1. Given the conditions (1) more than 19 Å from the chain's Cα centre (by Cα); (2) modelled with pLDDT under 90; (3) not aliphatic (A, V, I, L, M), report the number of the one that residue 59 does not fulfil.
2. Starting from residues that are farther than 16 Å from residue 98 by Cα and surrounded by 14 or more Cβ atoms within 10 Å (Cβ to Cβ), keep the ones in region 70-82 and report whichever is modelled with the lowest pLDDT.
3. If I go through region 16-52 residue by residue, how many of them are surrounded by 10 or more Cβ atoms within 10 Å (Cβ to Cβ) and at pLDDT 65 or above?
Amino acid sequence: MRPCARLLRLASQTLFFASLAAGAAFGQFIPGRFIVELNQPLAARTPNGMAQARAAQTPARARVAALGGQIRESMAAVTNALIVDLPEGVADEVAALPV
């Protein structure tokens, strides 16, 4: 094998393993954090669509908060979901909510 080809192969292997390590480092599990998918439509592609979708999330936000959960983030354009932190033992109750 030529030295240039050997160097190129080594560089590509290094890049491959570095990308695997980066994925493992940034895709970590966070205890108590969950994604709650809602059974509501996505935001319409209108000026008021995002506001309407966020307003429709209000009951689910209130139910999660009543169970001791904390809303970290919400999504309404690509999926309709809430990212929440929940106390231990509450995840099953949140999963049973009619949201």
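1. Every listed condition holds for residue 59 apart from (2).
2. Here the answer is 76.
3. Within region 16-52, residues that are surrounded by 10 or more Cβ atoms within 10 Å (Cβ to Cβ) and at pLDDT 65 or above number 17.
The values are calculated or read from the model by the stated rules, or taken from the named source; none is laboratory data. From a predicted model like this one, the values you see are computed outputs, not experimental measurements. With ideal geometry, Cβ positions are generated from the backbone for all residues, glycine too; neighbour counts draw on all protein chains shown.
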